[in-house]
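Read the structure below first, then the notes.
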Amino acid sequence: MIELDRAGRSFKVRRTVVHAVRDLSFTVGRGEFVGCLGPNGAGKSTTIKMLCGILTPTSGSVRVAGLDPSRRRTALARRIGVVFGQRTTLWWDLPLADSFQLVRHLYKVDRRTFAERLDELCETLDLGTFLRTPVRQLSLGQRMRGDLAAALLHAPEVLVLDEPTIGLDVVSKAGIRDFLLRLNAERGTTVLLTTHDLGDVERLCRRVVLIDHGRLAFDGTLAGLMATVPGRTTIEDVVTHLYTAGRRAAASPAEEPARALRRARDQ
Amino acid sequence: MVRTYALLIWTWTRSAAAYPASFALAAVFTTVTAAVDLGVILVVFANTTALAGFSRDEVLFLYGAASLAFCVTDLLIGNIDRVSGHIRAGTLDVVLIRPAAAWVQLAADRFVPARIGRVLQAAAVLGHSVAVIGPDWRRAWMIPVMLATGIVIFAALWTLAGALQFLLTDAPEVVNSFTYGGQQLTQYPLSVYGRDLVRGVTYVLPLAFVNWQPGLYVLGRPDPCGTPEFTRFLGPAAALLLSLLAALAWRQGIRHYRSTGSQG
Amino acid sequence: MPHSPHVPSPCRHPPEDTTPALYARLVRHGFRRHAAYPGAALAGAFTNTVFGVLRAYTLIALWQARPGLAGYDVADAVTFCFVTQAFIGPMQLFGGGLGIPERIRSGDIALDLVRPAPLQLWAFAEDLGRAAYLLAVRGVPPLLAGAALFGITAPDGPARWAALAAGLLAAFAVSFGWRYLVALSVCWLTDDRGVNVLSLVLTTFFSGMLLPLGLFPGALGEVAAALPWAAIVQAPADLYLGTAPIGPTLAFQAFWTVVLAGLGVLGTRAIRHRVVIQGG
């Protein structure tokens, strides 16, 4: 469903070229649930933006649901759902229900299907009590549930989540995670999420992709990731080790992050 | 596209209608603010009977025509010039993940139905001045053409202003010179202004076709700046040309955004 | 623009914080905070200049029809136009600029009220820094453009410059006094849009920013010339042009400075009372 082939994205910042993402290749198959990890500034958000068609890659190619996101932005938009944890995709000043109605029209969902899906989402995400509340008055947990519902009303094949559990309390997090698991298991929706919350990864992701300094540093199962650094028992330890190894490697530019990772493994 | 737009403004209108008192107050406020320009014209004509060869009622006719076109545009797509704000807030990304044209979404975003107050005020001034002047009715067909042309020209101008903000994210106020400046300029007979400025707004930014050229035709007057008679009818062509330019600039702006990205 | 987050601890009362040094620092801080956005200021200068050119032509047309109106010749009228455009930024003629309404709504005003320095003086000092920056960066370009395009005049002689400097300071004090009252009114209103629109209309129309007040017919003109907004634009513009007697003009500005500052003191006391009673 998602294919990146040597995708790269560079920015010009005050006349110097910064490579936010370079030579990134991985694929996500139908029905997979993939977690994307990486330290701040690693290139995760840039990757997500390329997948949604917001940002055109400067090199390589990206395909989502068989489409080139940068050329077929609106066609792709009907087939994927996107949630940004840091900002809402809902209309800030409108009641949640109005936002859903707008989504229904924008995504051309017919009335009956919409009603069915909304009922179901209202139940599973427990939206009933605040449907008439303007989005700006919702708590973060409520807003995130609203955002998820809005992203799923058109039954997308792929769901892309950028830090969906950021800032949520334990109970809200657990609710969102359960919902995503069921969505993936029962509907077969392909899910790609970025997160800094390792609990998300442990609970949700069968597969982990680690991006560091814009490159693919690891792609495999969670168990595989744990095995890269022997002697560490918790995922926090492993990821901390890998991130700091990546940072050390970046400090000595001659060394590639991938090599640093290998070195970290050998230590 | 039209359906999406209608749907968005209908949703905003409904949400504004949930607070009728607030809506009424806002309508009064926008009308009062707009009335300041009218007040200035009235004070000017308290001191003179003619300005650059035009009487008070003729100036009110030109003001009413330009103001009506401007206020309709401002009502319908006035928020298109908030591009830089959307870029800085990251909401442009949200707009781009939806399956609808970004222009339509941004033009209808936070639609303010209370701006109808200004439209009515401008319409009243125009109606009054037409009634007083009593133009030749064989020439009055130009009035609706003039208004439609004016709306299209201002809409194109707003779109250009929005497109420019993709480049000027740090200083979005610059574009006010073109939008609100255009409104200020067209409030008075162009014969008030210097010759070079008039040439500029005739042939570069076609503001002269908002009300001046067609207005001269309605009033049955020759152009004091000496443009030939046929230029009175060039408005629709100028509006079309400017719209094409604006559409291109907008596409280029979106492309620029997607190829440069935003921080964060 | 967000209000400065740097709030000194209310428990600490160092003696030097109540001396002029603190206020000098606040003026510098206000200046620097705006100096961080030169793009916005220059964009404003550009827009003010464009509008200045458009308004200048209207005034020229009017003065061609009626030379000597309001005691100005054409050159005075055009100069007046660019001088008033230059005032828009520093005198904040379109309102706002204080950040107090946001702080009242968020409740942060309680922190401001427990500072060892009075809120009114504190805000005045910061706003003075803002005005100084905008006078230089947003005020000077319209004047230069006016000089280049229309040959506007400059005050001659040190006495006129000194009077202008005093008049500018007083105009700023009146502008601040008015905006401070408008800002405090948020405390009693659920929706401050009405007050802001009212203030905008009064300030633009009755200050002389749109037309010299001498053009206003009959009683309207006399009333307008006596109102505080005239002290913000018309009075310093006349000092620039040398078309008004220096002493009475400065006295008129001083009068409104004192009145508005006094009302500001009462207003500050009232919101302190309200915040304390309502628990912030």
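Each value in this text was obtained by applying a stated rule to the coordinates, not by laboratory testing. Here the structure is a predicted model, which means the values were calculated and not measured. Neighbour counts run over all protein chains shown; Cβ positions are idealised from the backbone, glycine included.
List of remarks:
- Summing charges over all other residues whose Cβ lies under 9 Å from the Cβ of residue A:54, with Lys and Arg as +1 and Asp and Glu as -1, gives +2.
- Between residue C:136 and residue B:110, the distance separating the two model label sites (each 7 Å from Cα on the Cα→Cβ line) works out to 3.2 nm.
- Prolate/oblate/rounded call for region A:74-205, Cα gyration tensor, a/c under 1.5 rounded: oblate
- Distance between region B:17-39 and region C:218-233 - C-alpha centres, whole angstrom: 25 Å
- Within the shell of other residues whose beta carbon sits under 12 angstrom from the beta carbon of residue C:83, the net charge comes to -1, with Lys and Arg scored +1 and Asp and Glu -1.
- Taking other Cβ atoms within 10 Å as a rough exposure proxy, A:181, C:113 sort from fewest to most as A:181, C:113.
- Shape category assigned to chain C from the gyration tensor of Cα positions, a/c cut at 1.5: prolate
- Think of it as helices only: each DSSP H run of n ≥ 4 in chain A is worth -39500 (n - 2.57), and spread over all residues that comes to -12000 deg cm²/dmol at 222 nm.
- In plain terms, the chain from residue A:113 to residue A:72 could stretch by 12.2 nm, reckoned as 0.36 nm per residue minus the Cα-Cα distance.
- Listed peptides C:234-241, A:186-193, A:11-18 by packing density, highest first (mean Cβ within 10 Å): C:234-241, A:186-193, A:11-18
- Estimated from helices alone, the mean residue ellipticity of chain B at 222 nm is -22500 deg cm²/dmol (sum of -39500 (n - 2.57) over DSSP H runs with n ≥ 4, per residue).
- Among A:39, A:230, A:134, the largest mean-square fluctuation in a Gaussian network model of chain A (Cα springs under 10 Å) belongs to A:230.
- Distance between modelled label sites at residue B:49 and residue C:254, nm, 7 Å Cα→Cβ extension: 4.7 nm
- Cα gyration tensor category, rounded, prolate or oblate, for chain A with a/c compared to 1.5: prolate
- For B:158-170, mean number of other protein chain Cβ atoms within 10 Å: 1
- Chain A: relative contact order in percent, alpha carbon pairs under 8 Å with at least 6 residues between: 23 percent
- Inter-chain Cβ neighbour average for residues B:185-194, partner chain, 10 Å: 4
- Over region B:190-252, the alpha carbon radius of gyration divided by the compact-protein estimate 2.2 N^0.38 Å works out to 1.19.
- Taken one residue at a time, the phi angles of region C:109-126 give Karplus couplings (6.51, -1.76, 1.60, θ = phi - 60°) of 4, 4, 5, 5, 6, 8, 5, x, 9, x, 4, 5, 5, 4, 5, 4, 4, 4 Hz. Gly and Pro are set to x.
- For chain A, a Gaussian network of Cα nodes joined below 10 Å ranks A:144, A:226, A:50 by mean-square fluctuation, and the top entry is A:226.
- Comparing mean-square fluctuations of B:108, B:239, B:24 from a GNM of chain B with C-alpha springs under 10 Å, the top value falls on B:24.
- Taken along the Cα-to-beta-carbon direction at a fixed 7 Å, the label points for residue B:139 and residue B:204 span 3.0 nm.
- Full extension of the chain segment joining residue A:13 with residue A:196 gains 63.3 nm, where the gain is 0.36 nm per residue of separation less the Cα-Cα distance.
- Centroid-to-centroid separation of region B:53-111 and region A:121-173 [C-alpha atoms, Å]: 32 Å
- Working from Cα pairs under 8 Å separated by at least six residues, relative contact order for region A:65-219 is 27 percent.
- Entry note, chain C: the mean residue ellipticity at 222 nm calculated from DSSP H runs of n ≥ 4, each adding -39500 (n - 2.57), is -22500 deg cm²/dmol after division by the residues and rounding to the nearest 500.
- Around residue A:188: net Lys/Arg minus Asp/Glu count, Cβ-Cβ under 12 Å: 0
- A viscosity of 1.306 mPa s and a temperature of 10 °C, combined with the Kirkwood radius over C-alpha pairs in the Stokes-Einstein formula, give the protein assembly as shown a diffusion coefficient of 53 µm²/s.
- For the peptide A:54-65, the mean number of other protein chain Cβ atoms found within 10 angstrom of a residue's Cβ is 2.
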